[in-house]
Amino acid sequence: IRTRSYVPLSQNQEELTEKGLELFDCAANEDDIHQYVSGQVPAHWHRELEAFYLLSGEVRVSAGDQAYDLRRGEGCFINTGVLHSYTALTAEPCRFRSFVFDAAILAGAPGSVFDTRYVRPFLAEGTAFAPFSAEDSAYAAAFSAAFSAAVSAGV
């Protein structure tokens, strides 16, 4: 589980992949937005998908041309290649958990039914950003189960 206070970026704001993710391209993160300079995860993008869940505080997510304020218990999904940032809106801790993962984890083998019918079309034509409210218990439960599995596996 990664904690950090910066996002390594290329000149075109692409997040640089950390060593060690080559065999299984999934990073689990747990942190506080306030640990980043100016209480903001800077604008960046990556080829991977991102699932985000806010544990405490309030955060503004900017993704593409959209902005959305998240409160404790809410989250969002960000598609591949979308420029996005997170900004703390409160002085209290803005703790979050997130997954940044390769779409192949969902798609399976290239050319599979999951890849051709669901994942590739979503990557090409799907929404850039999808928020999840605190009332969406399915998102919270699935995210929590996945994060617990990542902790157990040492991702």
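Key figures for this structure:
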item	result
Odd one out for PHE52, checked against (1) open to solvent by 30 Å² or more (accessible area, probe 1.4 Å); (2) of a type outside the set (S, T, N, Q); (3) not in a helix (DSSP H, G or I)	(1)
Candidates ARG72, ARG2, ARG117, ARG97, filtered to the one that is farther than 15 Å from PHE143 by Cβ, modelled with pLDDT of 90 or more and charged (D, E, K, R)	ARG117
Matching residues, region 67-86, being of a type outside the set (Gly, Ala, Ser) and exposed (fewer than 15 other Cβ atoms within 10 Å of the Cβ)	TYR68, ASP69, ARG71
Cβ-Cβ under 6 Å pairs, at least 6 apart or on other chains, region 23-43 side under 15 Å from LEU70 (Cβ atoms) and crowded, with 16+ Cβ neighbours inside 10 Å, far side among the hydroxyl-bearing types (Ser, Thr, Tyr) and modelled with pLDDT of 90 or more	ILE33/TYR86; GLN40/THR87; VAL41/SER85; VAL41/TYR86
Residue list for region 87-118, filter: at negative phi, assigned to a loop (DSSP other than H, G, I, E, B) and open to solvent by less than 50 Å² (accessible area, probe 1.4 Å)	THR90, CYS94, ALA103, SER112
Qualifying residues in region 139-154 (those that are open to solvent by 50 Å² or more (accessible area, probe 1.4 Å) and under 17 Å from the mean Cα position of the chain (by Cα)) - the one modelled with the lowest pLDDT	VAL151
Residue match in region 132-144 (condition: in a strand (DSSP E or B) and either at negative phi or in contact with an Asp or Glu (Cβ under 8 Å, 6 or more places away or on another chain) (or both))	yes
Filter result for ALA128 (in contact with a His (Cβ under 9 Å, 6 or more places away or on another chain) and open to solvent by less than 60 Å² (accessible area, probe 1.4 Å))	yes
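Each row is one residue, and each column tells you yes or no for (1) of a type outside the set (A, V, I, L, M); (2) under 13 Å from the mean Cα position of the chain (by Cα).
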| site | (1), (2) |
| --- | --- |
| ARG72 | yes, no |
| TYR86 | yes, yes |
| CYS94 | yes, no |
| ALA130 | no, yes |
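The values are calculated or read from the model by the stated rules, or taken from the named source; none is laboratory data. Please read these numbers as outputs of a predicted model, since none were measured by experiment. Please note: Cβ atoms are built from the backbone with ideal geometry, for glycine as well, and neighbour counts cover all protein chains shown. Heavy atoms of the whole protein, side chains included, go into the accessibility calculation; ligands, DNA and RNA do not. Shrake-Rupley method; radii C 1.70, N 1.55, O 1.52, S 1.80 Å.
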